[in-house]
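The values are calculated or read from the model by the stated rules, or taken from the named source; none is laboratory data. Computed from a prediction, not measured in an experiment: that's the story for all the values here. Because the Cβ atoms are built from the backbone with ideal geometry, glycine has one as well, and the counts that use them run over all protein chains shown.
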Amino acid sequence: LGIFLQLVPNIRVAKVERDQLPIGPLTKDALDETTIHITQFVKGKKSARRSITMLKSLLYFQNHLSSANQECLGFEPFQSSPCFIELHPAQNPIHVHFITEHDLWPVLKSQLNNCSLSYLKCSFYSLAEYQWFADRIPNIHHAGSAGIAKLWAPYILPHWVIKTIVVDTDILWNENVGTLWKFFDQFTSTQMLGMAWEQQTQDARCRRSSKILFPVTGVNSGLVLMHLSRMRAANWGLITEQHIVSSLAVRKYLSQADQDIYNSVLTLKPEWLHNLPCEWNVQVYSPMAVQCCPVIWPDRRPKITHECSDVKQNSTRSYGFLRVAHYNKANKPEDTGWKNARPYNPLQSGFALT
């Protein structure tokens, strides 16, 4: 704790220096109201592979599939669906901000066509600049120091980036990211964070509505809508530092990295939170999590509605449709030896599955 307190002034100085950075050549693109900003904290080669998979699913549901490539067409389901109602998905420009190790920059660039696609731009920031500080905060979460560093996104990103979606690399999209971006328009004047509840079945009220007061299990930080300008104006950096210090004074370590601090802050400042529907962060860390957010996960093309997927109308009942799947467990789908979790109980045909 003493070491941490000595480091606090140093990171404040670094924040001031970052806030004073001159506006760069990407300003014009960044200020385009149609551009969606995605922020990724990537540490290690495994995380880089997951990040690419995440971006592929994001771009797929913006209808950026290479239709001229026969290899890609083989992955398009239901080309002759009897329930075919064609949509015209919004194709917003995507600007991805990678906070990552320097040696991963060329790896990520090569996988993304050197970020030269007309609809995809990339910016890179050195994780080492912030990791040295996060490493000194006791934390037992498997995400490590990169998970804690997510708290400082408002100061890592340039001041002309007003809003962003910070997502973990272990996320798969099943909906157009533009639909999620529109939640910013629903923020009240005090709200600056958009997050879904943590899905914990030991909480008897886990199938709660968004109108219920802040629950004991709090929010999940795998997907966060950040209104950066409001966070900076509220002095987010100083507030999080105070909560880190108070948390370490009680527990000596963080167990859920940045999520511990979000919950600590939002318990006292619930007016800062815009609660997202659980379908936008369906957590598959446990086969029991389905009890907290019962959903249908349809396999569909981006031009087809959820109702016109492989799910029959009479099987949906009152369940929602999965928008984002979050593999928030130590072993990820692309890891060696990974296996799908067994269902908690055999479910009857037509019941929801995550």
*Consider Ala143 against the criteria (1) crowded, with 17+ Cβ neighbours inside 10 Å; (2) modelled with pLDDT of 90 or more: it satisfies all of them except one. Which criterion is unmet?*
(2)
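Restricting to the stretch 163-209, and then to whatever is aliphatic (A, V, I, L, M) and part of a loop (DSSP other than H, G, I, E, B), can you tell me which residue is modelled with the highest pLDDT? Walk me through how you get there before you give the answer.
Restricting attention to the stretch 163-209, the residues satisfying the condition of being aliphatic (A, V, I, L, M) are 165-167, 171-172, 177, 180, 192-193, 195-196, 204.
Applying the additional criterion that residues be part of a loop (DSSP other than H, G, I, E, B) yields 192, 204.
Details: Met192: 96, Ala204: 58.
For the stretch 163-209, the residue satisfying everything is Met192.
Taking Val324, is it more than 23 Å from Arg49 (Cβ to Cβ) and either touching a Leu at 6+ places or on another chain (Cβ under 9 Å) or at pLDDT 85 or above (or both)?
Working: more than 23 Å from Arg49 (Cβ to Cβ): no; either touching a Leu at 6+ places or on another chain (Cβ under 9 Å) or at pLDDT 85 or above (or both): yes.
It is false that Val324 is more than 23 Å from Arg49 (Cβ to Cβ) and either touching a Leu at 6+ places or on another chain (Cβ under 9 Å) or at pLDDT 85 or above (or both).
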*Those residues that are under 14 Å from Tyr155 (Cα atoms) and either touching an Asp or Glu at 6+ places or on another chain (Cβ under 8 Å) or polar (S, T, N, Q) (or both), I need them from the stretch 112-130; list them, please.*
Ser126, Leu127
*Consider Glu279 carefully, then state whether it is under 15 Å from Gly222 (Cα atoms) and either at pLDDT below 60 or acidic (Asp, Glu) (or both).*
yes
*Conditions: (1) modelled with pLDDT under 60; (2) in a strand (DSSP E or B); (3) not basic (Lys, Arg). Asn340 meets all but one. Number of the miss?*
(2)
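Right, Ala153: within 30 Å of Asn331 (Cβ to Cβ), modelled with pLDDT of 90 or more and either among the acidic types (Asp, Glu) or under 17 Å from the mean Cα position of the chain (by Cα) (or both) or not? Give the steps one after another, and end with the answer.
Working: within 30 Å of Asn331 (Cβ to Cβ): yes; modelled with pLDDT of 90 or more: yes; either among the acidic types (Asp, Glu) or under 17 Å from the mean Cα position of the chain (by Cα) (or both): yes.
Yes; evaluated as a whole, the condition is true for this residue.
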*Output for the stretch 98-135, where each listed residue is assigned to a strand (DSSP E or B), among the hydroxyl-bearing types (Ser, Thr, Tyr) and either under 16 Å from Lys45 (Cβ atoms) or modelled with pLDDT under 85 (or both)*: Thr100
*List, please: which pairs have Cβ atoms under 6 Å, are six or more places apart or on different chains, and start with a residue in the stretch 156-181 that is in contact (Cβ under 8 Å) with a residue 60 or more places away in the chain and end with one that is of a type in the set (Lys, Arg)?*
Val166/Lys150; Thr169/Arg50; Asp170/Arg50; Asp170/Lys332; Asn174/Arg323; Glu175/Arg323
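Would you confirm whether any residue within the stretch 210-222 is over 26 Å from Leu55 (Cβ atoms), modelled with pLDDT of 95 or more, under 18 Å from the mean Cα position of the chain (by Cα) and not aliphatic (A, V, I, L, M)? Walk me through it before giving the result.
First pass over the stretch 210-222, keeping only residues over 26 Å from Leu55 (Cβ atoms): 210-218.
From what is left, the residues that are modelled with pLDDT of 95 or more are none.
There is no residue in the stretch 210-222 that is over 26 Å from Leu55 (Cβ atoms), modelled with pLDDT of 95 or more, under 18 Å from the mean Cα position of the chain (by Cα) and not aliphatic (A, V, I, L, M).
Identify, from the list Ser81, Ser67, the residue that is at pLDDT below 65, assigned to a loop (DSSP other than H, G, I, E, B) and touching a Leu at 6+ places or on another chain (Cβ under 9 Å).
Numbers: Ser81 fails: touching a Leu at 6+ places or on another chain (Cβ under 9 Å).
Every option except Ser67 fails the conditions.
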